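So the structure is just underneath, and the comments pick up after that.
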Amino acid sequence: SQTIHQWPATLVQPVGSPLSLECTVEGTSNPNLYWYRQAAGRGLQLLFYSVGIGQISSEVPQNLSASRPQDRQFILSSKKLLLSDSGFYLCAWRVAWSNTGELFFGEGSRLTVL
Amino acid sequence: GQQLNQSPQSMFIQEGEDVSMNCTSSSIFNTWLWYKQDPGEGPVLLIALYKAGELTSNGRLTAQFGITRKDSFLNISASIPSDVGIYFCAGLNTGFQKLVFGTGTRLLVSP
């Protein structure tokens, strides 16, 4: 069966520090991968998605970046965090080029920037 | 970034009441989905809709894919306390492989 894991689960970082959130998927090949951010009490904002290794589509211009170094690995990074980067980050995967649309989410990473 | 508009933003109802919420977009989607998120967790899929005009049920939940393909509706009948959570609509554009979420409807149910 397929599983998705992301870590760390909780992170408290000072402004200006770097960030690396990692997500891995097991039990499937060539998934579409997604990073979403959820600010407190808000909806899910699509940040990045990837349809293959090295292929990243960015939805929102910001100081975050994403990379997909391996088929089932998706990394969210920042060189210098801002206060506004605080939020709940969710990684998700779905079957590539599927019409079903179902998205499977990781456990989430809660980032607090102080 | 694109986000779908959901209403109402929040609802506080009594157990046993029916609930309706809707989602609208300026863009056409060819798949609509409804998710529920419990606190501190990722959203979980409730219902998926694939055809304009389609009406689909999952237990006490019923959802419809709007005929214009720019909206969708979710109804929950006879609400219970475990229905509490945030409900999100999502639109999929299969051509671009991206799934865009709505702003969410927070549901509170009083026993």
Name the residue that is least open to solvent (accessible area, probe 1.4 Å), counting only residues in segment A:29-45 that are polar (S, T, N, Q) and closer than 19 Å to B:Val44 by Cα. A:Asn32
Any idea which of (1) surrounded by 13 or more Cβ atoms within 10 Å (Cβ to Cβ); (2) at pLDDT 95 or above; (3) hydrophobic (A, V, I, L, M, F, W, C) is the one A:Phe48 doesn't satisfy? (2)
Exactly one of B:Phe65, B:Phe88, B:Phe73 is under 27 Å from A:Gly52 (Cβ atoms), surrounded by 13 or more Cβ atoms within 10 Å (Cβ to Cβ) and touching a residue at least 24 places away in the same chain (Cβ under 8 Å), and that one is B:Phe88
Would you mind listing the strands (runs of 3 or more DSSP E) fully within segment B:1-82 where at least 2 residues are farther than 26 Å from A:Leu47 by Cα and more than 13 Å from every other protein chain (Cβ to nearest Cβ)? B:10-14, B:19-24, B:55-58, B:61-65, B:71-76
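Pull up segment A:93-114, narrow it to residues that are of a type in the set (Gly, Ala, Ser) and more than 7 Å from chain B (Cβ to nearest Cβ), then point me to the one that is nearest to A:Tyr34 (Cα to Cα).
A:Ala96
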For B:Leu99, all conditions in the list (1) touching a Cys at 6+ places or on another chain (Cβ under 9 Å); (2) within 18 Å of A:Leu47 (Cα to Cα) hold save one; what is the number of the exception? (1)
Determine which single condition A:Val60 fails, assuming it passes every other condition in (1) assigned to a loop (DSSP other than H, G, I, E, B); (2) open to solvent by 60 Å² or more (accessible area, probe 1.4 Å); (3) more than 21 Å from A:Gln2 (Cβ to Cβ); (4) not charged (D, E, K, R). (2)
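The values are calculated or read from the model by the stated rules, or taken from the named source; none is laboratory data. Just so you know, these numbers come straight off a predicted model, no measurement behind them. Backbone-built Cβ (ideal geometry, glycine too); neighbour counts: all protein chains shown. The protein model used for the area step is the full one, side chains on, heavy atoms only, and it has no ligands, DNA or RNA in it. Shrake-Rupley method; radii C 1.70, N 1.55, O 1.52, S 1.80 Å.
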